[in-house]
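What follows is a short report on a single structure.
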Amino acid sequence: MRVSVAPELSSFREVARGLLVRGMPPDRVEFEQGQGAWTQWVDPLLSGGGARAVPALPADFLSLAEKVVCHRDPERFALLYRVLWRLTHGERRLLEKDADRDVQRLRRMERAVRRDLRELVIRVRFHRAASDGEARHVAWYRPEHLVVRLAAPFLVGRFPSLHWSLFTPDASAHWDRARLSFGAGLVFPEPGPSPARAASPDPVHARPRVLLLGDVPGTREEGDAACFVGPSGRLLELVLARAGLRSSDLRVSRARWPGRRSGALSWPETRALREELASEAARVRPRLLLALGGAAGQVLLGPGFRLDVGRGRLVPSEWAPGALATFAPWDVLRRQDPRERAEARIHFEADVRAAAQWLKSPEALGS
């Protein structure tokens, strides 16, 4: 049986429930991506003779599937249904088995979509435009996966008072300050390289000067500049500005750091982060890697790194000409003793100023 599924959770959920009702095993189903015309398959599946009770899909599976359906892998629907079939046919704790190959593939897809979602929310920039005499804001962005529907609610929360539209090649999202709607995508032709770019495909001035990694505060977009969110974000923005670093100098690492803010990383976590960092640094070629927090310092400078000893030392790295680790902003603000907090902030600002000064050195400029 061939079924059509739109790249959104509600579509896959209804089709999967219909297939389960009919007892349709995974090897008898062929999935294809559609544009939302999935309901034509649901009614026949649910109304067929001998149908069983509609099963409730596990909540942890639905949370995972919400991200995976947005991945571009054409096999994602078949993989999701195969795992769902196993969950509802005797393997109720399947998602807890990290060594299972199907589960591993789903987790990798989930991580890739989460990274892409985070990148979109951080990088998208709205520009003021006029339409029918009304001020509007528009943006165009090319994500790796189909994450517009996931990203739109975040953007509404950050820009509730703006009338905005976000366009991608696959879909668009529109907020009129009262209602969120979705539409078709918008494709722009890829610009060809100019002679100057052909002679120098990656000029130094086009590279980000600083790659921030570790406990970086959340970000939002305001005009053409990235702004960090919350008390930690305001502290980081202030310290960066005082050091002379502009938002255009910075790039936030896409590596997925553990959510906890204390305790050493495990070796598998450290190894995975080092692999992600190596791949990202090779792609964006920053001049300086700035690690915020002790865990990021260990990933960047080795497992023997200690923040109280190695903080503020600018050293060469295998991934960039310069590397430096310092406090995470939250680590400065969490200190209850006023004197201890003031000392930590002084050291934090001094470290960032040292990094900014190094960026002006011949060693950095010649890299």
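Taking each residue as 0.36 nm, the span from residue 122 to residue 186 lengthens on full extension beyond its C-alpha to C-alpha distance by 21.0 nm. With bins 5 Å wide beginning at 0, the percent of Cα pairs of the range 282-332 falling in each bin runs 5, 24, 32, 22, 12, 5, 0.
Counting every C-alpha pair in the range 306-367, the share spaced more than 17 angstrom apart comes to 45%.
In the range 245-352, the inverse of the mean reciprocal separation of distinct Cα atoms equals 14.6 Å; this is its Kirkwood hydrodynamic radius. Computed from the C-beta positions of residue 92 and residue 279, the FRET efficiency with R₀ = 22 Å rounds to 0.05. Could you estimate the translational diffusion coefficient of the range 52-109 from the Stokes-Einstein equation, with Rh from the Kirkwood formula over C-alpha pairs, at 25 °C and 0.890 mPa s, in whole µm²/s? Once the numbers are plugged in, D ends up at 210 µm²/s. Annotation: extensible slack from residue 350 through residue 272 equals 25.0 nm (criterion: 0.36 nm per residue apart, minus Cα-Cα distance).
Backbone amide hydrogens, once placed in the peptide plane, bring residue 171 within less than 5 Å of 185, 186, excluding anything fewer than 5 places away on its chain.
Given a Förster radius of 25 Å and the C-beta distance between residue 234 and residue 156 as r, what FRET efficiency does 1/(1 + (r/R0)^6) yield to the nearest 0.05? Could you put the intermediate results ahead of the total?
On the way: r = 23 Å, r/R0 = 0.90.
According to the calculation, E is roughly 0.65.
None of the figures in this text is laboratory data; all of them are computed from the coordinates on show. The shown structure was predicted, so the numbers you read here are calculated from the model rather than taken from an experiment. Virtual Cβ from ideal backbone geometry, glycine too; neighbours counted across all protein chains shown.
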